[in-house]
Every structure is written in C-alpha cells, then in structure tokens.
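Novice: Next up is a structure, given as structure tokens.
What follows draws every value from the coordinates through simple rules; no lab data is involved. Nothing here was measured: the structure is a model prediction, and the numbers come from that model. Counting neighbours? That spans all protein chains shown, and the Cβs are built from the backbone with ideal geometry, glycine included.
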C-alpha cells in the first residue's frame, strides 16, 4: 500500500536524452522502463504544451520502489543557475555506500558540488550533492538511522527512490501551510543550519543560517521547504516548456477531490509507468513549482 503523500517521482530536463540516459541508467544504475516522445496530452496537463513530442524516458530503481525518474529533452535555458531560483531545488535519493559515490561519478554526466559530509548535529544520514547533465540537483544520501521525529529509508539498491524533494520558496511558513491545508500533509520541525549549497550559490558567508521545515505525513518526510534569501529569482524558462533543472514532482494523494487546489486542467486517468490507470492532475504550487498529484484510489 502506497501511503498518502509518497513521492512517486521527479521530472528533470536534460539537453540530450542519450547523455541523460548514460547518467541515470548507466552511472546511477536505474532501470529504463519506457522511452518515447512526451505525450501531447500529458504536456498540456503540466501546462507545458511546447514540451509535447520531446524525447523522454522513464526509469525506476532496481529495488522496485514505486518511484519513477523521468527525463525530458529540451534546450538549455540561458541564465539558469542551479540553487538560485524559486521552485524545485533538488531531489534527494537514498543510496548505498555514499563514500564510494565520488569515484563512481568521476568522468560521468554528473558534477560533484558537495562531497559526502556529516552535517553538524545530524548523524542519521550522510549526504552528498551533484549536478546532472541538465543542471538538475540530486542529493545522494546514505541513511544510517531514523531521526527523532522522522523515519528515513535505507536503500535497497545502490541508488533507490526519492524520499525528500527540496523546494525553494520566498515564504517558508506560507508555503508549508499550503501543503498542509490543501493536501492534508503534516508540518514537521524547523531546522536552522549553515546550508552549504545556498551559501555557495549566493556568495554568502559560510556561517550564514538558513531556516528549513519539513512537510510530511506522520513520520514520513516529503517536502523540505527552504527559506531562500531575498536575491533569489524567478526561474527562467522557454515559453510553454518545462522549467529547467528539477522541473516537476509527483506525489500520491488518497483522494484528488479532497485536494483544495486549482488544476491546470481537470484530472484524468492515465496509463503507463507511474500512473497505472489512476487519475492524475497538475497544479502550480505557491513557489511557482509544478506539482503533479496522482490518486491512490
């Protein structure tokens, strides 16, 4: 049984699908389950009709976890810099052997931007960060234990599912309330820490403190909402296309009719990987993020 709020996947934009597959299927060792043009009706449902027909692929962890990584081929966007704009900032994967990943990523389509490092006061996991071929950010996190208020999943394959997605927002408190009130999710604890990725991206002092809050369901983490500094920009994008980098997140919902949201277009049943005949619809979240919701039924 898939719990309400489960992350069913993320969409990343890459400039060349073949290179994207070399990175995700080859280096990350995910299984390719589908490859073909992005359906026009799906692109329209995402509010990105100009992405229709673009080459795209769907991959899944070897663990068989219900999480799908989708790559869509689109031209790079001039002026896009990771970790400097509002919207989806990163997908966090649970992995095995995090200290072995720098060697695995050497010479691949990924660029390491954060070596494996223990975070101050957090011994439950060790993260590292890398940029993919489309400047999408992924975190590779090895989990060692649960946290006091959160359950963190240990990987069942060398790279496993996305268990947290990171959202950059101009108003953390309001964004968290939106997810809690409209999607029946729970507000988690607030953490304050020097956030290396943010400080480096904006040229801030190493000890600059960022507040972040987890939105989840029960003890399951889902969305990490980060308060970004005032100099953060709206993400540039090609007209009618998916935003660059980490483009879209898909969450499982118990009942779409109970979601207090404004749909880009009314939810419909979809077939194929991830959907499996379930109803799905897409909304624009409070930070301008594309959020797809799939009904558990």
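Novice: Give me 86, 208 sorted ascending by neighbouring Cβ count inside 10 Å, so fewest comes first.
Specialist: In order of increasing Cβ crowding within 10 Å: 208, 86.
Novice: Let me ask another. Given the chain reduced to its alpha-carbon atoms as identical point scatterers, what log10 I(q)/I(0) does the Debye formula return at q = 0.10 Å⁻¹?
Specialist: With one equal scatterer per Cα and no solvent, log10 I(q)/I(0) is -0.48.
Novice: May I ask you to order 125-132, 181-188 by the average number of other C-beta atoms within 10 Å around their residues, highest value first?
Specialist: 125-132, 181-188
Novice: Between 232, 159, 84, where does the largest GNM mean-square fluctuation fall for the chain, given springs only between Cα atoms within less than 10 Å?
Specialist: Comparing 232, 159, 84 in the GNM, the peak value goes to 232.
Novice: State the percent of C-alpha pairs, over all pairs in region 56-132, separated by a distance greater than 21 angstrom.
Specialist: Summing the P(r) of region 56-132 above 21 Å gives 43 percent of all pairs.
Novice: Under 10 Å, Cα contacts only: if you run a Gaussian network model on the chain, which one of 133, 153, 230 comes out with the highest mean-square fluctuation?
Specialist: For the chain, modelled as a Gaussian network with Cα springs under 10 Å, the answer is 230.
Novice: Taking 0.36 nm per residue of sequence separation and subtracting the Cα-Cα distance, how much length would be gained by fully extending the chain between residue 156 and residue 97, in nm to one decimal?
Specialist: 20.1 nm
Novice: Something else: Between residue 29 and residue 276, what is the label-point separation in nm under the 7 Å Cα-to-beta-carbon projection?
Specialist: 2.5
Novice: Could you check which residue among 56, 161, 238 shows the biggest mean-square fluctuation in a GNM of the chain with a 10 Å Cα cutoff?
Specialist: 238
Novice: Using only the alpha-carbon atoms of region 19-153 as identical scatterers, what base-10 log of I(q)/I(0) does the Debye formula give at q = 0.21 Å⁻¹?
Specialist: At q = 0.21 Å⁻¹ the computed log10 ratios are -1.40.
Novice: Mean shadow of region 1-80, computed from the convex hull of its alpha carbons, in nm²?
Specialist: Averaged projected area of region 1-80's Cα convex hull equals 6.4 nm².
Novice: For residue 219 paired with residue 174, estimate the spin-label separation in nm (one decimal), with each label point 7 Å from Cα along the Cα-to-Cβ line.
Specialist: Those two pseudo-labels are separated by 3.5 nm.
Novice: Tell me, rounded to the nearest percent, the portion of alpha carbon pairs in region 228-297 spaced more than 21 Å apart.
Specialist: 33
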